[in-house]
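> Have a look at this one before I ask anything.
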Amino acid sequence: MIRAIIVIILTTALTFVATNGMKLEEDIISSLVESDKTRKAVFDNYQKSSFFSSRVYVEIPSGSKIDINLLDKIFTDNRYKRVPFIDHQKFNKIPLNVITSLTSKDDLEKILTDERVEQSFETIKKYINLPGSSGLVENYLIDPFSLKRETFSKFKGVKTNNRSNIVVFERVGALHFESVGKVYDYLMDQKEITFLGSDFFAYENYRSVRDDIPFCLWISIPLNLLIFGLLCRNYYLILFLIVGTFVSYASGLSVVRIFYPSFYAIVLAFTSTFVGFNNEYLIHLSGIGKKDRLKSLVGLGSAIGTTLIGFIILLFGKSIILKQIALVSIGGMVGFIIFLLIYQDHLSKVQYRTFNIQKFQIKPGVMATFWVGVIIFFLMVPIPSMKTNIKDFQFNSSTLQKNADIFSKKLEAMSLGHIYSVKIENEPLMTFEMLKKEKLTKGFHPLKFYKTIETQKKTIKYLNKEYPEMLEKLSKKLVKIGINPDYLSSKWVNELKPMTGFDYLSLCNEVSTLPWFFKHGQDSYLYYPSNNMIENQGIDKGYPVNPKFYYDTLLTSIQNNIFNLFMIGLVIMMLYIIPLQRKIMKIAYIFAPLAVSLMILTLYFNYIGQNINFIHIVGLSLVIAVALDYPALAVSSNFGKSEQSKILLTGLSTIFSFGVLVLAQHPVLKHLGLVVVIGATSSLITCLFTNIPQE
């Protein structure tokens, strides 16, 4: 009774620590850690400053029956506001002195003519007869020869299909999934429109994980209980499994809270596998007789040790999700084992049903032949390429993906599909000219219109001479019709100075819908549309800011990190197993199922033409633990019948626990489950139907 009270108090305390102020993080992408801080800063700045940030684009075909007012209401009721596609007010804020950086003396000679003076005069006369003419005339006289409009007419703005209308909404405040969901469900019902917004990608991933958590739990638990009931004579162990699993949830989540203020939802979905892991520890720590106690503990030490090493390895990964999975698993394992040790006197009395299974005995010659075959296999069979795409890491519905493809084609048409950044050396124009020379950029860029300092000086000199004379001509005409010419001023011309490329790009950032320049520390970076889908060679510090390419590159880098950890973990496990088992035949047998698993996975990936991605390698780290557990326990017990029953029970439990993940919507859980199921199945079959000569 005292033990039960202690367990209840500790579990309650851990649950409070884990859930007090608990916050769920649904954005999986935010878990990725970019080691190159400059690359991350350049990318984040572009995404934050671009017109895609926090925005939703809805394209409505001409003649559509969509109620625009209802559309506005749906968005405004759910934390969005309607904004213009292009903010023309920004254009009005552009100072007149910018024309020196965009216009040459030859251009101005075509504008500042007597004909233009006459046109300006006629326009002013028309304004006089309009209501509120005083304000109109004053505004017009600020730039009477339309120098700013003429200067910017050369810019090619964003063009949309004349037969459609793009309506833009911007999110107000932080991302709120309930509100996003209401907007998303409404848009999904409108078959004639297309839409796109980063909020919807985040929402779909959130929704898939939200649905996967209860689905995996409520299928995994009954399946494990069914297996338990069929193979174990002591049904009260089910109570130990259920209570102990709650203890492991509380201890695992508490460990995560020590290091992180929030959980990733997908980590909670992963905890549905705790039942399988806990079942294994429960089974192998129970029913240990005094006679075989030492051998059983050696096997159990091998199994638990390899599993623990597998999770410790994940702590060194570059993804926060991996670190949280490792922490929650280690915490859950420790909590559950402590719980079992408290009740060890009850567990030692447990008995298991035994089975007579015909086994094929592997002699030393056969084992040597097998390992030679493994070496030949990996020399002859091509290893699938290792690359992770962002699509492997996200759940997207076919409808949303179709809409994304439509908008991607529009961006390609505007040369905005693949944006890169490059470190600016000396002056921006010099860097841009180098990009053009090497044919690394295409499409629109404001530096195409930027004039050199020398050209600007000639322009300023010409304006200082001609502009006051033109104003004088217009002033005389205005006086004749009774208009005060005091608003005509050439003061701004007298204050003109050449604009550097950095100043020009800073101004472009202020008035443009896209960022073109970013200062990070002592360095400056130029954004430009690229015609390459690979990192530009020969360009110092070139970074892609296209989200797909950026995250594909980042994920592949993290994948390589995990693979290196995988290999290190394999070596550590070998060093851990060797002194425990000592005999080379035992060691060869223990690692045989892992070799079989890797061969099966290699054939499977080659057959379906699938890259080995980030999640597969995480799964392989778990396979190392699972595939080594069963043979380690089998050889340590000299293939005793009771231990064989335990292996069958725990093996089926692991297969079903991770097999449920294969049915999940989210690809991260699906891929993880698939790899572990293949590894656990091959290991279980090896242990059930083979053995080696006993000592």
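> Roughly speaking, what is the stretch gain from R82 to K23, that is 0.36 nm per residue apart minus the C-alpha to C-alpha distance, in nm to one decimal? Each step should come with its number before you reach the end.
Values: separation 59, 0.36 × 59 = 21.24 nm, distance 2.99 nm.
Contour length minus Cα-Cα distance gives 18.2 nm.
> Next question, about the same structure. Please give the length that would be gained between K442 and M599 if that part of the chain were fully extended, namely 0.36 nm times their separation in residues minus their C-alpha to C-alpha distance (nm, one decimal).
Details: separation 157, 0.36 × 157 = 56.52 nm, distance 4.60 nm.
Gain on extension, K442 to M599, equals 51.9 nm.
> Evaluate the distance, in nm, between pseudo-label points positioned 7 Å from the Cα of T123 and of I142 along their respective Cα→Cβ axes.
It works out to 1.4 nm between the two label points.
> While we're looking at this one, here's another question. R0 = 25 Å: FRET efficiency of W492 with M434, Cβ-based, nearest 0.05?
Numbers: r = 34 Å, r/R0 = 1.35.
It comes out at approximately 0.15.
> Could you calculate the contour length gain from I2 to M386, that is, 0.36 nm times the residue separation minus the distance between their Cα atoms, to one decimal place in nm?
On the way: separation 384, 0.36 × 384 = 138.24 nm, distance 5.36 nm.
Roughly 132.9 nm would be gained on extension.
> As a quick test, which of the pairs K519/K548; K323/K391; K40/K548; K423/K497; K48/K391 have an alpha carbon distance above 19 angstrom in this structure? Can you show the working numbers first?
Numbers: K519/K548 23 Å; K323/K391 22 Å; K40/K548 14 Å; K423/K497 26 Å; K48/K391 22 Å.
In this structure, K519/K548; K323/K391; K423/K497; K48/K391 exceed 19 Å between Cα atoms.
> Quick check on my link table: of K363/K641; K110/K437; K182/K387; K110/K436; K110/K148, which ones sit more than 24 Å apart, alpha carbon to alpha carbon? Kindly include the intermediate steps, with their values, before the conclusion.
On the way: K363/K641 20 Å; K110/K437 31 Å; K182/K387 36 Å; K110/K436 29 Å; K110/K148 14 Å.
Checking Cα-Cα distances, K110/K437; K182/K387; K110/K436 exceed 24 Å.
> Further question on the same structure: Sorted by average packing, counted as other Cβ atoms within 10 angstrom per residue and highest first, what order do 666-678, 109-121 take? If you can, show how the numbers build up before the last one.
Values: 666-678: 23.2, 109-121: 14.8.
Ranked by mean Cβ neighbours within 10 Å, highest first: 666-678, 109-121.
> May I pose another question? Write down the accessible area per residue of the stretch 436-500 in Å², having rolled a 1.4 Å probe over the full set of protein chains.
Working: 4010 Å² over 65 residues.
On a per-residue basis, the stretch 436-500 sits at 62 Å².
> Using a basic spin-label model with each label point 7 Å from the Cα along Cα→Cβ, how many nm lie between L226 and R149?
Placing both labels 7 Å beyond Cα along the Cβ direction yields 7.6 nm.
> Still on this structure, please answer the following. Per residue, how much accessible surface does the stretch 595-695 expose to a 1.4 Å probe? Answer in Å², no decimals. Don't jump to the answer; show the numbers that get you there.
Values: 2720 Å² over 101 residues.
For the stretch 595-695, the solvent-accessible area averages 27 Å² per residue.
> What's the FRET efficiency of V479 with I94 using the Cβ-Cβ distance as r and R₀ = 22 Å, to the nearest 0.05? Spell out each step's value before the answer.
Working: r = 30 Å, r/R0 = 1.36.
The value I calculate is 0.15.
> For V334 and V571, what is the calculated FRET efficiency with R₀ set at 25 Å and r taken between the beta-carbons, to the nearest 0.05?
On the way: r = 24 Å, r/R0 = 0.97.
Calculated transfer efficiency: 0.55.
The values are calculated or read from the model by the stated rules, or taken from the named source; none is laboratory data. None of these values were measured; they are calculated from a predicted model. Counting neighbours? That spans all protein chains shown, and the Cβs are built from the backbone with ideal geometry, glycine included. With ligands, DNA and RNA removed, areas are computed over all heavy atoms of the protein, side chains included. Shrake-Rupley method; radii C 1.70, N 1.55, O 1.52, S 1.80 Å.
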